[in-house]
Amino acid sequence: MKHFAFKVAAAMTLAATAAHAEPSAEVLHYWTSGGEAKSVAVLQEEFKSNGGVWTDMPVAGGGGDAAGTALRARVLAGNAPAAAQIKGPAIQEWYEEGALADISKVAEENNWDALLPASIAGHMKCEGTWCAAPVNVHRVDWIWANAEILEANGIDMPTSWDEFNAAAEKLQAAGIIPLAHGGQAWQDATVFETVLLGVGGADFYQQALVDLDPEALKSDTMIAVFDQMRTMRGYVDDNFSGRDWNLATAMVMNGEAAFQIMGDWAKGEFLAAGKAPGEDFLCASTPGDGFLYNVDSFAMFDVDGAEKEEGQNLLAKLVMGENFQKTFNLNKGSIPARTDVALDDFDQCAKTSAADMASTSEGGSLLPSYAHGMALYGAQAGAITDVVTAHFNSDMTSQEAVEQLANAIANSL
Amino acid sequence: MTKWLSDHMPKMVLAPSFIAILVFVYGFIGWTAWVSLTKSRLLPKYDIEGIIQYKRLFASPRWDTAMDNLFLFGALFIVIAMLLGLGLAILLDQNIRTEGFIRTVYLYPMALSMIVTGTAWKWILNPGLGIEATVQGWGFENFKFDWLINPDMAIYTVLIAAVWQSSGFVMALFLAGLRSVDTEIIRAAQVDGIPTWRVYTAIIIPSMAPIFLSAFIVLAHLAIKSFDLVIALTGGGPGYATDLPATYMYTMAFSRGDIGQAASSAMVMMMVVFAIVVPYLYSELRAKDD
C-alpha cells in the first residue's frame, strides 16, 4: 500500500514536470485594433492546439512606439519576451545589441530559404543565422481610386506620373480633390518613396534610399522627385494637415477625392465598408516598376529554459506555417510572405500584389520601404522624413531640399 | 532613547524621500548627461565618444526650428498671458457683482487637460470645420484663417490655445496679489484725489513684484514643458513647423531609437531651464541673506 502511494506520488510529480515542460512563449506585439487582434488570435489558437502555453503581451499604440519602449525596458531588465514584433533593420540593430536568439534549426528544417523571396529572407537573417520569422508582406506603392469618379471623368488608372498629373488637373477642373492625403510625416514619406521609385526607377531607389549614396541623393533625378512632390502638394485639399490615413481613405470611398497613395492596409478600410475591388474602388501599383514591401515579423529573443526555447521554435514554425500565413493575411489585407500559399480565397488586389512580388523578386526591383522602417535605421529614415515633410509643407525649393537631404544623411550617421 | 528619537525623527522621516529624489532626479540627470556623450541608439551604451551628439543636434534644422519655436512661443506666451491676466484681474477688482461666478468662468480652462484644449482648438482652427468655414458660410467667401496648416503661422495657433488656457490662472494669481495690497495706502491715495489708473501704476502694481516673479516662473516652465498641447493641436506639424524641444526629444527617444540624440537634447533643455531658474534662486536666496 505504501509502495502504491509512493508510485502515485511519483507519477504525479512526473505529470507535473511534464506539464511544466510544455512549450511556452511570451509574445510582445502591437496588433490591438479589431482586424489585427483577430489576426493574432489565429496564431494564438494554433499555438495552443499544438500544446503550447501562450502568454500574450499586447501593447496598444498603432505605430509600435509604445511596444518598442516596453520591449527595451524588458530587455534592459534581463527579462526578454520569447518573440517581439519588430521589422526591418531594427532586427539587425537588436542583434547587434546581442539580444536575439538563433532559430536557424527551425528555418533549415522547414526550408525557409526556398519559401521566401531572397530580399525578404535577408531581413530575417542576422549575420547568416535566422533570427526572425516573417508573417506578411504589405505592399506600400499602391494607388487607390474611386471607380465612379474615374469613369465619370473618363480617366484610366495612371501608369506614369505625367499621366497622373494630367488626370489630377482634369479632376481639379471638375471640382474634385485629386489626391486624398493626410498631413502626417510618415504619410508624406510614403508618397515620397513611391514618387522616387516612379521617377528614378528601382536602381535609383536602391542607391538613394537603401545605400544612401551621396551622388544619388544630390542628383538631378532627386531634384525631379522633389519637383513632382511639389506638384502633388497642389492636388491635396487645404485641410490635410494632421489628418489620419483612414480618413483620407474615407474621402476616396465617399467620392470626395479621386486617388489615395497608401499601402494595402487601406484595402481593409474599403472592404470593411463593404466596397468591392474592381467595382467600387480600383487598385494599381503606383506609376513606375517595382515593389516596395513592408514586412511584419517576429524577432526571437534569447530566452533561458528548455520549455521556453521549445515554445520559441514552435512559434517560429507556426508563423511560417501555410495555414497561419493564409488565415492571418486574409484577415489583415496583406499577402503571405511565403510564395507557395494558394491564393484562391484572396481578392484581386492581393493576387496582383503576389504576382508582382514574384516577378520583381526575379527582376531585382523588390525593394524595402524606407517610410515604413524596412530600409534604414530609425535615425537615418527619420532624417530623410524630416526633409521630405519640411519640403512638402513649405515653399522650400527642390534644390534646397536636395541639399538639406544630403546634410541630414551626413548628420544622421 | 526617546530623546534620540525625537531629535532624529525629522531626518528619519525625510530620508526616504530625500534618497528617492537624489537617485531619481539627480542620479538620472547624471545618467542622461553620460548617455548624451555616447553613440547610444536603440539601447544605452556607455563608451564615451565626446560631444558628437551635441554636434549632430546643433547641425539639425529640426532642432533649430524647435529652439526658435520655444523662444518665440515662450516669450509671447509669458508676455501675453501676463498682460491679459493682469488686465482681467484689474477689471475684476472693481467690486463688481457676481465676481465669484466670473472668476470661475475665467479660471475654468486651467482645469482642462492640455490634450482637451489642443483637440478643441484643433477643431476650432481647422479651416474646413471651424472659424474659417463658419465665416465663409456667413457669406464672406474670401475670409481666410488657415494658420493651423500654414507652417509660418502654425506656432501662433499653439500660442492662442496656451494663452487661452493659462491667462485665467494668471488672473487668479494677480487678483490675490491685488487684494493683498494694503488698503490703507490706496484709501490715502484716493483721499488725495489721485486717479485710479495712477493708483494702479504707481502703487498697486509695483508692490506686486513678487507675484510677477511667481507668475513668470510658472509660465516659463509651462512653456518649456509644453508637449501635450503641441501633440494634440498640431502633432508637431505641418511638417515639423511646431516642434518644441520636448517633442523633438520624445521623437528621438521613442520613435527613432536614437537615445544619444534624445539625451543631448534633454541636456540642452535642462540648461535652458537652469538659465531661467538659477537667477531666480539666486535673487531669492540673496534676499534672505540681507
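The values are calculated or read from the model by the stated rules, or taken from the named source; none is laboratory data. Bear in mind the structure is a predicted one, so any value in this text is a computation, not a measurement. So basically every Cβ, Gly included, is an ideal-geometry build from the backbone, and we count neighbours across all protein chains shown. Surface accessibility is based on the protein's heavy atoms, side chains included, excluding ligands, DNA and RNA. Shrake-Rupley method; radii C 1.70, N 1.55, O 1.52, S 1.80 Å.
Residue check: is B:TRP63 open to solvent by 70 Å² or more (accessible area, probe 1.4 Å), assigned to a helix (DSSP H, G or I) and either out of contact with any Lys or Arg (no Cβ under 8 Å at 6 or more places or on another chain) or over 30 Å from B:MET269 (Cβ atoms) (or both)? It would help to see each step written out before you state the result.
Values: open to solvent by 70 Å² or more (accessible area, probe 1.4 Å): no; assigned to a helix (DSSP H, G or I): yes; either out of contact with any Lys or Arg (no Cβ under 8 Å at 6 or more places or on another chain) or over 30 Å from B:MET269 (Cβ atoms) (or both): yes.
Considered against the rule, which asks whether it is open to solvent by 70 Å² or more (accessible area, probe 1.4 Å), assigned to a helix (DSSP H, G or I) and either out of contact with any Lys or Arg (no Cβ under 8 Å at 6 or more places or on another chain) or over 30 Å from B:MET269 (Cβ atoms) (or both), B:TRP63 comes out as no.
Check A:ALA371, A:ALA410, A:ALA379, A:ALA390 and return the single one that is open to solvent by less than 50 Å² (accessible area, probe 1.4 Å) and more than 8 Å from chain B (Cβ to nearest Cβ). Explain how you work it out, then say what you get.
Numbers: A:ALA410 fails: open to solvent by less than 50 Å² (accessible area, probe 1.4 Å); A:ALA379 fails: more than 8 Å from chain B (Cβ to nearest Cβ); A:ALA390 fails: more than 8 Å from chain B (Cβ to nearest Cβ).
Only one candidate passes the filter, namely A:ALA371.
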Worksheet item: Residues of segment B:121-145 being within 14 Å of chain A (Cβ to nearest Cβ) and either open to solvent by less than 50 Å² (accessible area, probe 1.4 Å) or in contact with an Asp or Glu (Cβ under 7 Å, 6 or more places away or on another chain) (or both), which ones?
Response: B:TRP121, B:LEU125, B:ASN126, B:PRO127, B:GLY128, B:GLY130, B:GLU132, B:ALA133, B:PHE143, B:LYS144, B:PHE145
Worksheet, complete the sentence: Among the residues of segment A:46-65, the number that are loosely packed, with under 15 Cβ neighbours inside 10 Å and in a helix (DSSP H, G or I) is 2
Response to the item:
Log entry, pairs with first residue in segment A:65-81 being without any contact (Cβ under 8 Å) to a residue 24 or more places away in the chain, second being open to solvent by 30 Å² or more (accessible area, probe 1.4 Å) and part of a helix (DSSP H, G or I), beta carbons closer than 6 Å, six or more apart or on different chains, reads A:ASP65/B:PHE254; A:ASP65/B:SER255; A:THR69/B:PHE254
Item to complete: Report the residue count in segment A:255-274 for those that are within 14 Å of chain B (Cβ to nearest Cβ) and open to solvent by 10 Å² or more (accessible area, probe 1.4 Å).
Response: 1
Practice prompt. Look at A:ALA83 and say whether it is out of contact with any Asp or Glu (no Cβ under 6 Å at 6 or more places or on another chain), farther than 19 Å from A:HIS138 by Cβ and open to solvent by 50 Å² or more (accessible area, probe 1.4 Å).
Written response: no
Worksheet item: For B:LEU148, all conditions in the list (1) touching a residue at least 60 places away in the same chain (Cβ under 8 Å); (2) open to solvent by 30 Å² or more (accessible area, probe 1.4 Å); (3) within 13 Å of chain A (Cβ to nearest Cβ); (4) among the hydrophobic types (A, V, I, L, M, F, W, C) hold save one; what is the number of the exception?
Response: (2)
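Restricting attention to segment B:203-228, and to residues there that are in a helix (DSSP H, G or I) and over 20 Å from the mean Cα position of the chain (by Cα), which single residue is nearest to the other protein chains (Cβ to nearest Cβ)? Walk me through how you get there before you give the answer.
Filtering segment B:203-228 for residues in a helix (DSSP H, G or I) gives B:203-204, B:206-224, B:228.
After this cut, where a residue has to be over 20 Å from the mean Cα position of the chain (by Cα) as well, the list is B:203-204, B:206-208.
On the way: B:ILE203: 49, B:ILE204: 44, B:PRO206: 45, B:SER207: 46, B:MET208: 41 Å.
So the residue we want is B:MET208.
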Worksheet item: Which helices (runs of 4 or more DSSP H) sit wholly inside segment A:126-223 and have at least 1 residues that are among the aliphatic types (A, V, I, L, M), more than 20 Å from A:VAL252 (Cα to Cα) and open to solvent by less than 20 Å² (accessible area, probe 1.4 Å)?
Response: A:185-205, A:214-217
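With segment A:300-413 as the region, which helices (runs of 4 or more DSSP H) entirely inside it contain at least 2 residues that are under 21 Å from A:GLU193 (Cα atoms) and touching a helix residue (DSSP H, G or I) at 6+ places or on another chain (Cβ under 8 Å)?
Numbers: elements: A:306-319, A:322-332, A:348-363, A:378-392, A:398-412.
It comes to A:348-363, A:378-392, A:398-412.
Take the conditions in contact (Cβ under 8 Å) with a residue 60 or more places away in the chain and of a type in the set (A, V, I, L, M) and apply them to A:ALA147. Does it pass?
Values: in contact (Cβ under 8 Å) with a residue 60 or more places away in the chain: yes; of a type in the set (A, V, I, L, M): yes.
Yes, satisfied.
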Discussion item. Within segment B:239-247, does at least one residue satisfy the condition of being open to solvent by less than 50 Å² (accessible area, probe 1.4 Å) and farther than 30 Å from B:LYS39 by Cα?
Written reply: no
Discussion item. Could you check segment B:229-258 and list, in sequence order, the residues that are more than 9 Å from chain A (Cβ to nearest Cβ), touching a residue at least 24 places away in the same chain (Cβ under 8 Å) and touching a Ser or Thr at 6+ places or on another chain (Cβ under 7 Å)?
Written reply: B:LEU229, B:VAL230, B:ILE231, B:ALA232, B:THR242, B:ASP243, B:LEU244, B:PRO245, B:TYR248
